[in-house]
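**Q** First, the structure itself, so that you have it in front of you.
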Amino acid sequence: MRDIDYQEQGGILSPLKNLSFFARKPVTVGLDPRPASANYRGFHLNDWETCIGCSTCQKVCDNAAITMVRIADLPEDPAKGIRNLRPAIDYGRCCWCALCVDLCPTGSISLSREYVHTCRDDELDSYFILPDSKGIHGTPFPKGWAKSDDADMIALAREHMTELPPAERITGFAEIVAGYDTNQAIMEASRCVQCGMCFDACPTHMNAPEYIRAIWQGDTEEAVRQIYRTNPFAHTCGRVCTHRCEEACSIGRRGAPIAIRWLKRYAMDALDHERVKAIAAEGKARFLSGKRVAIIGAGPAGLTAAFDLVKEGHEVTVFEAQSKSGGMVRYGIPDYRLPQDRLDRDVDVITSLGVKIQYDTRIGKDLTMEDLERDYDAVVLSIGLWMGRSTRVPGADQPRVKRAVTLLRDVAEQIKITVPESAVVIGGGNVAMDIARTIARLQKRTHGAVKVTVTALEDLTHFLADPDEIREALEEGIEILDARGPQEIIFKPRTLSEDKLHGLRTWRVLSIFDEQGRFAPVYDPTDEQIHECDMVVEAIGQSADVECLGASLTERLEWQRGRLKVDAQGRTNLPWLWAAGDMVRGPDVVSAVADGHRVAASIHAQLS
Ligand SMILES: Cc1cc2nc3c(=O)[nH]c(=O)nc-3n(C[C@H](O)[C@H](O)[C@H](O)COP(=O)(O)OP(=O)(O)OC[C@H]3O[C@@H](n4cnc5c(N)ncnc54)[C@H](O)[C@@H]3O)c2cc1C
């Protein structure tokens with residue numbers, strides 16, 4: 001031990017010297033923070049009203065300084081792209097690079113001009129904050145670095161997809177949209193911030209961020225692999241999906257949402273069909289389970305269930321009343337939106353795995369439900385909604401009044417129909433647009449001119465049809481009359497024995513639903529119009545044709561408001577029968593696909 005040198009340490013009175021400092025002026029001056037510059041990157045601000053909890057800030061943060069915190073009081077709505085998460089910042093990690101600001105899709109995050117924060121040792125948690133629009137100390141501070149038009153790293157405009165001009169497309173049934181080429185697809189994919197809002201909103205939870213990233217990386221094979229993880233109707237959905245994912249896309253908050261559907265279409269078209277088949281077969285069970293499943297209906301729901309079950313090693317037979325598969329996708333959706341060869345490819349992938357389809361076999365006529373119950377371990381009912389509903393206004397039962405789904409089916413099957421010179425369609429949904437546009441094409445071909453009027457109860461702002469469908473229909477010369485309610489289909493006596501269709505009488509709609517939200521339209525009879533035409537088409541919805549069940553089974557099954565009752569897995573109250581697709585849920589292909597997966601998982605669990 002070394003001797004202490006008291007001289008070196010100072011004398012015993014030296015601490016008292018410190019007292020002299022009390023009399024001196026402080027050396028450090030100007031402790032008040034100096035105002036930061038306009039673009040300063042200080043502590044975070046987050047406008048909770050604008051923030052949608054997409055988590056892009058967290059994903060882009062290289063230092064892992066951001067944690068998403070669930071705020072139970074905030075609204076959450078996956079279909080609208082709203083999560084109740086908000087970013088919390090760990091200032092022990094943050095390097096103020098501001099990537100979170102630059103890549104925030106909504107522009108809710110900014111950096112303030114506030115930069116001073118001190119605390120005691122036991123308050124270190126105060127460096128982990130959940131910023132709101134007030135800032136770290138709850139005192140409003142001006143914004144520093146924020147999103148502006150010239151400091152936005154997000155491309156807000158969508159890659160344009162070429163469309164046939166209206167004058168050209170009305171002459172036939174050629175596909176309207178052209179599809180992306182590789183460069184366009186990569187550019188479009190590069191706009192995605194990988195937030196995954198699309199995954200949440202998609203009924204079948206497609207891995208859209210993963211396939212978009214694969215497209216961006218030029219790896220279409222991986223993109224198709226990701227698509228097939230959840231959707232065997234990949235060509236179909238790449239063209240006609242109702243793309244709810246795009247409604248939830250965070251980029252859509254300020255710009256055009258990512259063209260998720262068109263990117264799926266690109267990947268499917270870009271990869272060789274044989275490779276698609278090989279990818280779809282990945283993970284297929286090597287051994288048969290010895291269990292047999294019967295599926296009624298070869299639409300998206302039935303075929304998706306078949307796809308999953310055959311991959312699990314079960315023997316699957318699909319019974320289909322028509323001579324081709326695809327259900328309403330083939331017999332409802334016109335070729336100009338979905339060329340049939342693309343649907344053929346989807347079906348080919350499914351059958352290539354070993355799914356057997358027995359065509360021209362109507363259950364209830366060619367075979368009974370009892371036959372299936374006896375011969376199979378499980379039965380899936382996925383017969384869709386094939387009966388068009390009627391307005392039942394006077395005259396609706398006459399032969400020149402058609403149901404949209406019947407007419408579309410005739411056109412798909414190339415059955416010769418008498419093309420009306422003028423037609424009125426009742427209904428404002430997508431089916432109404434499909435039949436109106438189909439008739440318009442047939443009229444152009446047969447009579448050289450389009451004369452189709454669509455009348456709907458809703459006003460244009462509340463139309464059920466997709467806005468693109470409405471736009472395209474208008475471009476094709478179709479007249480759309482909103483807020484018109486059908487009252488009567490009028491026939492004029494031509495001869496004493498024969499009536500001729502004169503037109504549709506409508507009244508102006510004042511309201512559609514009553515105070516309890518029930519359908520109870522109110523009309524203004526003083527505002528009457530007669531829409532002259534020689535064909536009226538009703539496109540006001542469909543119902544399921546459950547005659548195939550037979551009286552005894554119908555009795556044994558449980559029903560709810562006219563629909564077959566199923567549980568969350570699609571099981572009916574009978575242990576051998578499941579139901580899926582439009583007939584229980586609807587309303588679109590991707591929901592039918594989700595339903596198909598659900599019943600397949602439930603059946604597999606029961607059979608294993
Ligand atoms: C005109 C029209 C346009 C549409 N456009 C779109 C669109 O753009 N995007 C979209 O996502 N969705 C669209 N849809 C909805 C979509 O087609 C359906 O949601 C989807 O096809 C439902 O699938 P599913 O398997 O439940 O029934 P379906 O596709 O209807 O298939 C049911 C199958 O069961 C068969 N079947 C019925 N009864 C029997 C029986 N007794 N025995 C044997 N087989 C039987 C039928 O022949 C049919 O093949 C459209 C629908 C229509 C009518």
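The values are calculated or read from the model by the stated rules, or taken from the named source; none is laboratory data. Predicted model, so just to flag it, every value in this text is computed and none were measured. Note that each Cβ is placed from the backbone with ideal geometry, even for glycine, and that neighbours are counted across all protein chains shown. The protein model used for the area step is the full one, side chains on, heavy atoms only, and it has no ligands, DNA or RNA in it. Shrake-Rupley method; radii C 1.70, N 1.55, O 1.52, S 1.80 Å.
**Q** Test GLN340 against the criterion of being surrounded by fewer than 21 Cβ atoms within 10 Å (Cβ to Cβ), among the polar types (S, T, N, Q) and more than 10 Å from the ligand (Cβ to nearest atom), and give yes or no.
**A** Numbers: surrounded by fewer than 21 Cβ atoms within 10 Å (Cβ to Cβ): yes; among the polar types (S, T, N, Q): yes; more than 10 Å from the ligand (Cβ to nearest atom): yes.
It is true that GLN340 is surrounded by fewer than 21 Cβ atoms within 10 Å (Cβ to Cβ), among the polar types (S, T, N, Q) and more than 10 Å from the ligand (Cβ to nearest atom).
**Q** Going by what's in this entry, would ALA520 be described as farther than 16 Å from GLY428 by Cα, assigned by TED's automatic domain parsing to the domain that holds ILE426 and of a type in the set (A, V, I, L, M, F, W, C)?
**A** Considered against the rule, which asks whether it is farther than 16 Å from GLY428 by Cα, assigned by TED's automatic domain parsing to the domain that holds ILE426 and of a type in the set (A, V, I, L, M, F, W, C), ALA520 comes out as yes.
**Q** How many residues does the stretch 252-281 contain that are open to solvent by 20 Å² or more (accessible area, probe 1.4 Å) and within 16 Å of the ligand (Cβ to nearest atom)?
**A** The qualifying residues number 2.
**Q** Might you let me know whether the stretch 315-329 holds any residue that is closer than 22 Å to GLY283 by Cα and surrounded by fewer than 22 Cβ atoms within 10 Å (Cβ to Cβ)?
**A** Scanning the stretch 315-329, I find at least one residue that is closer than 22 Å to GLY283 by Cα and surrounded by fewer than 22 Cβ atoms within 10 Å (Cβ to Cβ), so the answer is yes.
**Q** Does ALA579 satisfy being near the ligand (Cβ under 10 Å from one of its atoms) and hydrophobic (A, V, I, L, M, F, W, C)?
**A** Against the criterion (near the ligand (Cβ under 10 Å from one of its atoms) and hydrophobic (A, V, I, L, M, F, W, C)), ALA579 qualifies.
**Q** Also, quick follow-up: Would you confirm, using the coordinates I've provided, whether ASP466 is modelled with pLDDT of 95 or more and not β-branched (Val, Ile, Thr)?
**A** No, not satisfied.
**Q** For the stretch 150-172, does any single residue satisfy the condition of being in contact with a Ser or Thr (Cβ under 6 Å, 6 or more places away or on another chain) and in contact (Cβ under 8 Å) with a residue 40 or more places away in the chain?
**A** Here is the first cut: in the stretch 150-172, the residues in contact with a Ser or Thr (Cβ under 6 Å, 6 or more places away or on another chain) are none.
The answer is no; no qualifying residue exists.
**Q** Additional query: Just name the residue that is farthest from the ligand (Cβ to nearest atom) out of those in the stretch 282-298 that are under 18 Å from VAL593 (Cβ atoms) and in a loop (DSSP other than H, G, I, E, B).
**A** GLY283
**Q** For the stretch 110-149, which residues satisfy the criterion of being closer than 22 Å to GLN58 by Cβ, open to solvent by 40 Å² or more (accessible area, probe 1.4 Å) and assigned to a loop (DSSP other than H, G, I, E, B)?
**A** LEU130, ASP132, SER133, LYS134, TRP145, LYS147, listed by residue number.
**Q** Would you check if ALA185 is out of contact with any strand residue (DSSP E or B) (no Cβ under 7 Å at 6 or more places or on another chain) and buried (at least 22 other Cβ atoms within 10 Å of the Cβ)?
**A** Here the answer is yes, as ALA185 does meet what is asked.
**Q** Which one is most open to solvent (accessible area, probe 1.4 Å), of the residues in the stretch 85-94 that are over 10 Å from CYS51 (Cβ atoms) and not small (Gly, Ala, Ser)?
**A** ARG93
**Q** Here are the criteria: (1) more than 30 Å from THR242 (Cα to Cα); (2) surrounded by fewer than 13 Cβ atoms within 10 Å (Cβ to Cβ). Tell me which single one ALA98 does not satisfy.
**A** Going through (1) more than 30 Å from THR242 (Cα to Cα); (2) surrounded by fewer than 13 Cβ atoms within 10 Å (Cβ to Cβ) one by one, ALA98 breaks only (2).
**Q** Sticking with this one: In this structure, does GLU370 turn out to be open to solvent by 40 Å² or more (accessible area, probe 1.4 Å), more than 30 Å from ILE512 (Cβ to Cβ), away from the ligand (no atom under 15 Å from the Cβ) and touching a residue at least 60 places away in the same chain (Cβ under 8 Å)?
**A** On the way: open to solvent by 40 Å² or more (accessible area, probe 1.4 Å): yes; more than 30 Å from ILE512 (Cβ to Cβ): yes; away from the ligand (no atom under 15 Å from the Cβ): no; touching a residue at least 60 places away in the same chain (Cβ under 8 Å): yes.
Criteria not met by GLU370.
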